[in-house]
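Asks: Shown below is the structure under consideration.
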Amino acid sequence: VGAVVSDGFISAVSGNAGIFIFLVLLGALVALINKAGGSAAFGEWAAKHIKTKIGASIATFLFGVLIFIDDYFNCLTVGSVMRPVTDKTKISRSKLAYLIDATAAPICMIAPISSWAAAVSSYAPEGVNGITLFCRAIPFNFYSLMTFVFVISLTLMKFDYGPMKLHEMNASKGDLFTSGQIKADSEEETAVVKGKGKVIDLVAPMLVLIFASITCMAAVGGFFSGVDFSTAIGENPTLGLALGAFIALAFAICLYIPRKLMSFKEFMEGVAEGVK
C-alpha cells in the first residue's frame, strides 16, 4: 500500500501540482467575479448591444477565443456571462453549451500560453523544449482548427440538425431547455447573477490573470536574465501559471473589498465556494 501511495498516487500528482493549484485558484476567481456581479454586469451590457441569434452566437464564440488561458475557466466564465444574452435571443441552453465547449478546449489546444500547453509540453522528451514543440504542432491540430470553421459555418448558415434542431425549434417558442422547467430554472439563475458590480469587475481580473500568467511563466524560465522567450515559458510553465493565478486573486481583493462589493469574510467564502 505504501508503494502504491508514494510511487503511484503522490508521484503522479506531484508532477502536475502546479496545474492543480492553478485550476483551484481559477475556480475561486470565477466564483468571486460572479459574487461581485461582474459577470452579470457584462451580460447586461452585452444584451443591450446584441439583438440577434447570429450576433449572440458569434459573441459567445469570440468571447471564448479571448479566454485562452484555460478551458475550464473559459467554460465557467463564458457560460455565466453569455447566458442572459443567449436566453434573450432564444438560443437553447444546449446550443449555448455546444458553442462554449466547441470553443474552450480547441482554443486552449492551440494557445501556447495556456494550462493545456503547459500540461502537454511537460510530456516532451528530455532536451526538447515542450512549448516550441507545441507551437510547431499547431498547424496540424486539425480538430481545433476545423471545429472553429464548423462553429462559424453553422452559425452564419443558421443550420442545425439532429437533436440540436429540436432544441433550437423549442427555444424559438420559448422553451430554452426542452424540459418544461423554464420558470423554476430561470428564477434560480436570476438570483445567482444579481450584483452591484460593473463590467470592469469581470474584465480587469481576467486581463491581470492573462498578463500575470505570461509574465510569471517568462520570469520563472529566466527571460529577464537573458533566456529567449519561447525557451523561458517552456522551462516551468505550471509554476508560472500558479503564480499568475495567485496575483489575479490578490488583485481581486484590492478591486472588490475597498469598493464594498463584498466584505473580507464574503470574499473568503467566495474563495471556498470556487475551490469546491
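The values are calculated or read from the model by the stated rules, or taken from the named source; none is laboratory data. Fair warning: this is a prediction, and the values are worked out from it, not measured in the lab. Please note: Cβ atoms are built from the backbone with ideal geometry, for glycine as well, and neighbour counts cover all protein chains shown. With ligands, DNA and RNA removed, areas are computed over all heavy atoms of the protein, side chains included. Shrake-Rupley method; radii C 1.70, N 1.55, O 1.52, S 1.80 Å.
Asks: Restricting to region 69-108, count the residues that are under 30 Å from ILE214 (Cα atoms) and assigned to a helix (DSSP H, G or I).
Replies: In the first step, residues of region 69-108 are kept if they are under 30 Å from ILE214 (Cα atoms); the result is 69-83, 96-108.
Then drop every residue that is not assigned to a helix (DSSP H, G or I), which leaves 71-83, 96-108.
Residues flagged as under 30 Å from ILE214 (Cα atoms) and assigned to a helix (DSSP H, G or I) within region 69-108 amount to 26.
Asks: Taking only pairs six or more apart or across chains, which ones have beta-carbon atoms under 8 Å, a first residue in region 1-27 that is in contact (Cβ under 8 Å) with a residue 40 or more places away in the chain, and a second residue that is open to solvent by 50 Å² or more (accessible area, probe 1.4 Å) and of a type in the set (Val, Ile, Thr)?
Replies: Close Cβ pairs (under 8 Å, with a partner that is open to solvent by 50 Å² or more (accessible area, probe 1.4 Å) and of a type in the set (Val, Ile, Thr)) amount to VAL24/VAL275; GLY27/VAL275.
Asks: Test GLU273 against the criterion of being assigned to a helix (DSSP H, G or I), touching a residue at least 12 places away in the same chain (Cβ under 8 Å) and either open to solvent by 70 Å² or more (accessible area, probe 1.4 Å) or in contact with a Ser or Thr (Cβ under 6 Å, 6 or more places away or on another chain) (or both), and give yes or no.
Replies: So GLU273 passes the test.
Asks: Can you tell me which condition ALA59 does not meet? The list is (1) outside any loop (DSSP other than H, G, I, E, B); (2) under 22 Å from SER115 (Cα atoms); (3) in contact (Cβ under 8 Å) with a residue 24 or more places away in the chain, and all the others hold.
Replies: For ALA59, the exception is condition (2).
Asks: Let me ask you something else. Pick from region 216-233 the residues that are small (Gly, Ala, Ser) and part of a helix (DSSP H, G or I): which of them is most open to solvent (accessible area, probe 1.4 Å)?
Replies: Among those that are small (Gly, Ala, Ser) and part of a helix (DSSP H, G or I), it is SER225.
Asks: So in region 79-130, with the set limited to residues that are in contact (Cβ under 8 Å) with a residue 12 or more places away in the chain and of a type in the set (Phe, Trp, Tyr), which one is farthest from THR52 (Cα to Cα)?
Replies: The qualifying residue farthest from THR52 (Cα to Cα) is TRP116.
Asks: Kindly indicate which of ILE50, ILE58, ILE10 is modelled with pLDDT of 90 or more and surrounded by fewer than 20 Cβ atoms within 10 Å (Cβ to Cβ). Steps first, please.
Replies: Working: ILE50 fails: surrounded by fewer than 20 Cβ atoms within 10 Å (Cβ to Cβ); ILE10 fails: modelled with pLDDT of 90 or more.
The match here is ILE58.
Asks: Here's another thing I want to ask about it. Would you mind telling me which numbered condition in (1) assigned to a helix (DSSP H, G or I); (2) buried (at least 18 other Cβ atoms within 10 Å of the Cβ); (3) at pLDDT 90 or above; (4) of a type in the set (Gly, Ala, Ser) ALA111 fails?
Replies: Single failed check for ALA111: (1).
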